[in-house]
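Peer 1: Dumping the structure here so I can ask a few things about it.
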Amino acid sequence: MADTATAARPQPTTDLDKALADLNVHGACIIENALEVAKLAEVRTALYRAAEADRTYGWAQQYQYGGDDHVNQRVWNLPSRDPVFCDLVEHPVAMHFVKQVLGWPALLSSMSANITAGGGQSMILHADQGYMPPPWSRPLGVNVAWCVDDFTAENGATCYIAGSNHWDGQGQGQDLGDKLVPLEAPAGSAIVMEGRLLHTNGVNRNGVQRAGIFSWYTLPIYLPQENWFLSLNPAVRQFGSETLQTLFGFRPQVMGRINGLDRI
Ligand SMILES: O=C(O)CCC(=O)C(=O)O
């Protein structure tokens, strides 16, 4: 018989309705084969190239939200690093869940990679919308995590507490390790987590690198985590689609207008 943790674990699926039901109940879902093989290879090459460049030129960051471990590496502002990441920002699977959970328009708050490596530690247990004022009667953001490598319990797969999306922010920063379940998924999967979910990355115990790209979208009333107006490569603004313009905040509806208008 399956134990509670296994029973609670959303299984990888290609059925978006099933995935949405998992998301609502457990706070997370896994869509397998969301990225085609060739696109996954392109994303992987671009990400590891950016990570290596950051290390080579002294730009590498270890942001771990609660404890830099100097092993895991963060790569920020991915849409500015290679156009392939812009494809991920507006990927149909991502847009499906953004619209289902948040509606439209929405903002991309940040897009960063977290690459775990041998001995890399866990972040603090957190909900991505932890900086937004409670009570949380609904998700205020949704995180679409792209598995660039296989996510396994041994290499630091994202771990979560099933159903903690209904805890209204309780448990953040606490040691609830016995309740954590790894979100194991093959490379090319998209893991979707709603903003109220308690989660962290697992400890990397086997030294096999695990790269995940975390696209954090919010309702269009919150300041983005990444300051796109300062950090976005202007080419994205010049050549990006209307969807991208909206997600980066260049097509405001009510907030962020320019002389009362929605564009320059
Ligand atoms: O790397 C991971 O598995 C988790 C990353 C995460 O929780 C975050 O970026 O908020």
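Peer 1: Give the whole-number value, in cubic angstrom per residue, of the convex hull volume spanned by the C-alpha atoms of region 47-151. Walk me through the numbers before you get to the answer.
Peer 2: Details: hull volume 13.6 nm³, N = 105.
With only Cα atoms used, region 47-151 gives 129 Å³ per residue.
Peer 1: Provide the packing ranking of 182-188, 202-208, i.e. peptides ordered by the mean count of other C-beta atoms within 10 Å per residue, highest first.
Peer 2: Values: 182-188: 21.0, 202-208: 17.3.
Averaged packing, sorted descending, gives the order 182-188, 202-208.
Peer 1: From the backbone phi of region 174-179, what are the Karplus-calculated ³J(HN,Hα) couplings (6.51 cos²θ - 1.76 cosθ + 1.60, θ = phi - 60°) in whole Hz, Gly and Pro given as x?
Peer 2: Per-residue couplings from phi come out as 8, 8, 10, x, 5, 9 Hz.
Peer 1: Per the Cauchy relation, a quarter of the hull surface: what is the mean projected area of the convex hull of the alpha carbons in region 4-247, in nm²?
Peer 2: 12.2
Peer 1: Between region 205-219 and region 9-62, what is the separation of their alpha carbon centroids in Å?
Peer 2: Region 205-219 and region 9-62 have Cα centres spaced 7 Å from each other.
Peer 1: Moving to a separate point now. Which whole-Hz couplings ³J(HN,Hα) result when phi for each residue of region 191-198 is put into the Karplus expression 6.51 cos²θ - 1.76 cosθ + 1.60, θ = phi - 60°, listed in order with x for Gly and Pro?
Peer 2: Taking θ as phi minus 60°, the curve returns 9, 10, 10, 7, x, 8, 6, 7 Hz for region 191-198.
Peer 1: Restricting to bridges with both residues inside region 4-247, how much of the DSSP beta-bridge set is antiparallel, in percent to the nearest 5?
Peer 2: Working: 36 of 37 bridges.
About 95 percent, rounded to the nearest 5.
Peer 1: Right, another one. Taking the Cβ of Leu88 as the center, what net charge do the other residues with Cβ under 11 Å away carry, scoring Lys and Arg +1 and Asp and Glu -1?
Peer 2: Details: positive: Lys39; negative: Glu42, Asp82, Asp87, Glu90.
Overall, the nearby charge balance is -3.
Peer 1: Further, regarding this structure: Return the tail of the calculated pair distribution for region 134-264, meaning the percent of Cα-Cα pairs more than 17 Å apart. Write out the running numbers ahead of the final one.
Peer 2: Values: 5708 of 8515 pairs.
Above the 17 Å cut-off, region 134-264 has 67 percent of its Cα pairs.
Peer 1: Here's a follow-up. Taking each full run of DSSP H in the chain as one helix, which ones are at least 27 Å long along their axis (Cα atoms) and have mean Kyte-Doolittle hydropathy of at least 1.0?
Peer 2: Span-like helices here: none at all.
Peer 1: Enumerate the amide H contacts of Thr158 below 5 Å, restricted to partners 5 or more residues apart or on another chain; note that Pro and chain-start residues carry no placed amide H.
Peer 2: Leu183, Gly202
Peer 1: So what is the 222 nm mean residue ellipticity for the chain from helices alone, if each DSSP H run of at least 4 adds -39500 (n - 2.57) and you divide by all residues, rounding to the nearest 500 deg cm²/dmol?
Peer 2: Working: 8 runs with 69 residues, N = 264.
For the chain, the value works out to -7000 deg cm²/dmol.
Peer 1: Shifting gears a bit: Highest first, please rank the peptides 254-260, 59-65, 44-50 by the mean number of other Cβ atoms sitting within 10 Å of their residues. Walk me through the intermediate numbers first.
Peer 2: On the way: 254-260: 9.4, 59-65: 14.9, 44-50: 17.3.
Highest to lowest by the protection proxy: 44-50, 59-65, 254-260.
Peer 1: Kindly provide the Kirkwood hydrodynamic radius of region 98-146 in Å, to one decimal, from all pairs of distinct alpha carbon atoms.
Peer 2: Result for region 98-146 stands at 13.3 Å.
Bear in mind that the values in this text are calculations on the coordinates, not laboratory data. Since the model is a prediction, treat every value here as computed from it, not as a measurement. Cβ: placed from backbone, ideal geometry, glycine included. Neighbour counts: every protein chain shown.
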